[in-house]
Amino acid sequence: PSSAKCTRCRQRAVIALPSHHANFCEACFVFFFRRAVLRAMKKFPLKAQDPILVAVSGGKDSLTVWSVLQDLGYSTKGIHLNLGIPSFSEASHEAIAAFARQRQLPWTSYTLKDLIGYSIEEIRQKTRRPICSVCGMIKRRLLNRMALQEGYRIIATGHNLDDEAGRLLGNLVRNRREYIDKHYPYLPSAHPRLPEKIKPLYRVSAHEIRTYCRVEGIQYVEGACPLSRGATSHMFKEALNMLERKMPGTKRDFLFAYIEARSAPKPVDDFGTCDRCGEPCYGTRCSVCTLLERLQNPPRKQS
Ligand code: SF4
Ligand code: ZN
């Protein structure tokens with residue numbers, strides 16, 4: 001809007017945010033964005049000097065959360081899991097390397113194939129389960145392990161307002177109580193070997209993050225993972241986007257009202273130990289080891 005004035009400083013605005021009924025110049029937008037992240041961080045029971053391990057994929061969300069936490073003065077380190085998805089994983093790695101080099105941020109990268117013997121591409125060819133649910137499980141469990149190895153107690157991920165609101169809607173529609181109970185931007189540690197999890201971007205939308213990347217010159221991997229096609233979570237996000245267009249602010253109202261009305265989930269402490277790898281898990285065998293056993297000894301076809 002060329003004639004609009006910045007809501008904060010009254011200079012010429014270049015960014016319109018209808019969901020906030022606001023217009024911003026670039027400098028005030030950056031201020032607004034960082035303040036939203038700071039507000040999220042204040043909701044989490046952390047100490048200001050706690051070092052944070054940031055799970056980075058090379059996409060807009062993870063590079064942004066890393067960049068903002070650093071700018072807000074937190075001590076951060078990036079961690080990347082190379083999943084072995086042809087061409088996509090190479091592009092991801094390069095985007096992270098360039099970003100970290102430019103800003104002189106420390107990071108480490110692990111390769112799934114080295115850690116468990118299979119890439120996501122190989123797992124996809126060997127299993128009939130939806131690959132994203134297998135991949136999500138692997139990422140969660142291995143990141144926990146890597147955090148411990150790296151000596152970090154806190155993992156930050158790039159989940160944004162759209163992700164969180166979409167997932168909440170999906171879980172409510174299907175009444176998935178066990179997921180709804182854990183639906184919160186902060187997860188306490190449930191075991192001495194498990195880190196706390198935070199989602200510092202839960203108050204900012206995908207659109208706001210893209211704008212932030214443009215203004216701050218953050219170069220991220222553009223395309224979606226080639227294996228992500230057809231995820232139903234997209235539908236819930238689209239539904240919310242439709243409501244958002246008709247009633248700006250709905251997405252935030254929906255997620256924030258839910259979060260404000262509850263408290264952080266309690267840590268569940270009925271953990272066992274995996275009898276194969278020794279990691280904490282429900283029962284006696286962790287889901288990674290269960291998967292690996294299946295891959296090594298595929299169940300015989302029933303006749
Ligand atoms: Fe893994 Fe699916 Fe995400 Fe690709 S889209 S990285 S397969 S969870
Ligand atoms: Zn195990």
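Figures for the structure shown
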| item | result |
| --- | --- |
| Conditions (1) at pLDDT 95 or above; (2) closer than 28 Å to residue 263 by Cβ; number of the one not met by residue 101 | (2) |
| Every pair of residues 6+ apart whose Cβ atoms lie under 8 Å, when the first sits in the range 270-285 and is surrounded by fewer than 12 Cβ atoms within 10 Å (Cβ to Cβ) while the second is among the small types (Gly, Ala, Ser) and not in a loop (DSSP other than H, G, I, E, B) | 284/272 |
| Qualifying residue in the range 151-164 (condition: out of contact with any Ser or Thr (no Cβ under 7 Å at 6 or more places or on another chain), over 27 Å from residue 109 (Cβ atoms) and modelled with pLDDT of 95 or more) | no |
| Residue list for the range 30-66, filter: over 14 Å from the mean Cα position of the chain (by Cα) and charged (D, E, K, R) | 34, 35, 39, 42, 43, 47, 50 |
| Verdict on residue 203 being within 24 Å of residue 78 (Cβ to Cβ), part of a loop (DSSP other than H, G, I, E, B), in contact with a helix residue (DSSP H, G or I) (Cβ under 8 Å, 6 or more places away or on another chain) and among the basic types (Lys, Arg) | yes |
| Hey, residue 208 buried (at least 21 other Cβ atoms within 10 Å of the Cβ) and not small (Gly, Ala, Ser) or not | yes |
| Complete set of residues in the range 227-286 that are part of a loop (DSSP other than H, G, I, E, B) and within 16 Å of ligand 1 (Cβ to nearest atom) | 227, 228, 229, 230, 231, 232 |
| Candidate set: the range 240-263, residues that are aliphatic (A, V, I, L, M) and surrounded by fewer than 15 Cβ atoms within 10 Å (Cβ to Cβ); chosen: the one nearest to ligand 2 (Cβ to nearest atom) | 261 |
| Unique match (being over 30 Å from residue 245 (Cβ atoms) and acidic (Asp, Glu)) among 196, 164, 208 | 196 |
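The values are calculated or read from the model by the stated rules, or taken from the named source; none is laboratory data. Please read these numbers as outputs of a predicted model, since none were measured by experiment. Reconstructed Cβ throughout: ideal geometry from the backbone, glycine too, with neighbour counts over all protein chains shown.
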